[in-house]
Amino acid sequence: MHNFDESISRRHYNALKWDDMYPHYGTNDIIPLWVADMDFKTAPPIIEAVKAQAEHGIYGYMHRKDSYFRAIAAWYESRHDWPVKEEWLVFSPGVMSSMNFLIETLSKPNDPVLIQQPVYSPFANKIRENGRKVLVNQLIKEKDSSYSIDIEAFEQLIIDNKPPLFILCNPHNPVGRVWTRSELTALGDICLKHGVKVISDEIHCDLVYKPYRHIPFGSISEEFALNSVVLSAPSKTFNLAGLQTSFAICPNESDRKRLANSLAKVDLTLNNSFSLSATEVAYKKGEPWLEDLLVYLEHNINFVIGFFHEHFPNVKLAKPQGTYLLWIDFSSYGLNDDALQEIMIKNAGVALSRGDAFGKGGEGHMRMNVACPKSTLEIAMNQIKKALDAL
């Protein structure tokens with residue numbers, strides 16, 4: 001069992017999560033449970049690979065060997081039962097970089113682009129930054145605080161607005177749903193029927209808890225594969241976001257060339273000196289570490305949910321099926337989002353992500369990242385308890 005209880009200081013290492021809270025929270029002296037990276041060392045084989053690269057001492061231009069593509073393809077076949085062809089893969093420094101270029105190349109200015117809120121805020125930001133309009137199919141919040149898709153409303157929005165693109169989030173950030181085959185098939189069939197391309201952000205695909213299973217959108221059928229681009233990366237899975245390495249899985253040759261050309265236009269075509277070896281080793285040797293990580297993360301999730309249920313049953317949250325993010329409903333306190341944020345910062349001393357940033361349906365909620373040592377969570381939860389008790 002790998003040791004995820006080790007507390008490792010990230011302060012003064014230029015960690016966005018730890019050293020850049022001030023612009024967002026007015027202080028750096030609080031517990032950061034906001035940015036979606038982990039406070040754990042990555043898998044030992046990855047650390048060794050990066051060390052070996054560093055010790056070589058020459059950090060010049062890099063090229064991607066066939067073994068890099070084979071490692072990604074093999075992971076998808078063994079882990080997700082999708083025989084990805086190596087020629088379908090397009091390198092990108094980040095999932096959001098790929099999404100940005102896909103919005104630009106697969107739609108026109110002023111086009112509506114469909115998303116499902118509440119959802120990761122850069123979805124809407126990238127749509128607007130590209131001069132497109134945000135079209136929202138709001139997720140349905142069930143009585144148990146889980147979420148489902150309003151399929152009828154989804155299709156009606158497409159009929160009424162004719163968006164060329166739908167951006168899917170699976171597993172969903174922040175609500176934690178891992179969409180089922182039937183849900184994905186319903187969405188995909190509607191998109192095919194009405195000529196809507198699908199961009200599927202699947203960056204959390206490896207962070208799924210039993211008995212749930214991630215189903216890559218493009219794996220469902222050849223028609224879905226040719227009508228979609230799946231975006232993923234080892235960054236969430238193995239805590240490698242700082243190495244800026246991701247990939248698009250794009251079976252449609254025309255769309256693949258357009259994405260590759262967009263990346264080439266701004267010279268985003270080369271890996272940095274460490275990301276190549278880290279990515280390849282992660283997919284070849286990282287699985288035992290990942291299995292231990294999933295156990296630890298689920299324990300953390302159960303701890304936080306149990307804490308709220310015991311002390312604050314009026315705070316509502318559902319256990320996520322995937323991701324290391326909790327979507328917590330504080331609306332019973334009747335506070336607006338500014339007041340809720342202020343209480344968490346000043347009274348609880350924790351940095352959570354405010355729910356209204358995730359769009360429609362996010363009001364009164366906050367997102368918590370539990371990918372940290374349990375000792376950190378224990379301190380944070382006790383501080384939150386004091387703050388809520390005072391209310």
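The values are calculated or read from the model by the stated rules, or taken from the named source; none is laboratory data. If you're wondering where the values come from, they're calculated on a predicted model, not measured in any experiment. Backbone-built Cβ (ideal geometry, glycine too); neighbour counts: all protein chains shown. When the accessible area is computed, the model is the full protein with side chains, heavy atoms only, and any ligands, DNA or RNA have been set aside. Shrake-Rupley method; radii C 1.70, N 1.55, O 1.52, S 1.80 Å.
The set of residues in the range 331-340 that are within 20 Å of residue 382 (Cα to Cα) and in contact with a helix residue (DSSP H, G or I) (Cβ under 8 Å, 6 or more places away or on another chain) comprises 333, 340. Being open to solvent by 30 Å² or more (accessible area, probe 1.4 Å), farther than 19 Å from residue 309 by Cβ and either part of a strand (DSSP E or B) or among the acidic types (Asp, Glu) (or both) is the filter here, so list the residues in the range 139-157 that pass it. Once the filter is applied, which keeps residues that are open to solvent by 30 Å² or more (accessible area, probe 1.4 Å), farther than 19 Å from residue 309 by Cβ and either part of a strand (DSSP E or B) or among the acidic types (Asp, Glu) (or both), the range 139-157 yields 140, 150, 152, 155.
Filtered by the rule that a residue be of a type outside the set (A, V, I, L, M, F, W, C), within 23 Å of residue 265 (Cα to Cα) and over 21 Å from the mean Cα position of the chain (by Cα), the range 77-103 gives 86, 87. Restricting attention to the range 223-238, and to residues there that are open to solvent by 10 Å² or more (accessible area, probe 1.4 Å) and more than 19 Å from residue 194 (Cβ to Cβ), which single residue is nearest to the chain's Cα centre (by Cα)? Out of the qualifying residues, it is 236.
Cβ separations smaller than 8 Å between residues 6+ apart or across chains give the following pairs from the range 248-259 residues that are in contact (Cβ under 8 Å) with a residue 60 or more places away in the chain and among the small types (Gly, Ala, Ser) to residues that are in a helix (DSSP H, G or I) and open to solvent by less than 20 Å² (accessible area, probe 1.4 Å): 248/98; 248/102; 248/259. For the range 288-302, what are the residues that are over 16 Å from residue 237 (Cβ atoms) and open to solvent by less than 20 Å² (accessible area, probe 1.4 Å)? Listed by number, the residues that qualify are 300, 301.
Each row is one residue, and each column tells you yes or no for (1) open to solvent by 70 Å² or more (accessible area, probe 1.4 Å); (2) outside any helix (DSSP H, G or I); (3) among the β-branched types (Val, Ile, Thr); (4) on the phi < 0 side of the Ramachandran plot.
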{"position": "46", "(1), (2), (3), (4)": "no, no, yes, yes"}
{"position": "59", "(1), (2), (3), (4)": "yes, yes, no, yes"}
{"position": "71", "(1), (2), (3), (4)": "no, no, no, yes"}
{"position": "102", "(1), (2), (3), (4)": "no, no, no, yes"}
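Residues satisfying the criterion are absent from the range 303-313 (criterion: crowded, with 23+ Cβ neighbours inside 10 Å, in contact (Cβ under 8 Å) with a residue 40 or more places away in the chain and not β-branched (Val, Ile, Thr)). Within the range 73-95, the set of residues being open to solvent by less than 20 Å² (accessible area, probe 1.4 Å), small (Gly, Ala, Ser) and part of a helix (DSSP H, G or I) comprises 73 only. Please name all residue pairs, on different chains or six or more residues apart, with Cβ atoms under 8 Å, provided the first residue is in the range 122-146 and is over 14 Å from residue 165 (Cβ atoms) and the second residue is open to solvent by 30 Å² or more (accessible area, probe 1.4 Å). From residues that are over 14 Å from residue 165 (Cβ atoms), the pairs are 122/96; 129/100; 138/150; 138/153; 138/360; 139/150; 140/150; 145/316. Residues in the range 158-167 that are open to solvent by less than 50 Å² (accessible area, probe 1.4 Å) and either without any contact (Cβ under 8 Å) to a residue 40 or more places away in the chain or assigned to a strand (DSSP E or B) (or both): 165, 166, 167. For the range 197-222, the candidate set comprises residues that are farther than 20 Å from residue 287 by Cα and among the aliphatic types (A, V, I, L, M); within that set, the residue that is most open to solvent (accessible area, probe 1.4 Å) is 220.
Checking each residue in the range 206-224 for being in contact with a Phe, Trp or Tyr (Cβ under 9 Å, 6 or more places away or on another chain) and among the hydrophobic types (A, V, I, L, M, F, W, C) picks out 207, 215, 217, 224.
Scanning the range 239-274 for residues that are under 30 Å from residue 296 (Cβ atoms) and open to solvent by 30 Å² or more (accessible area, probe 1.4 Å) yields 239, 241, 242, 243, 244, 272, 274.
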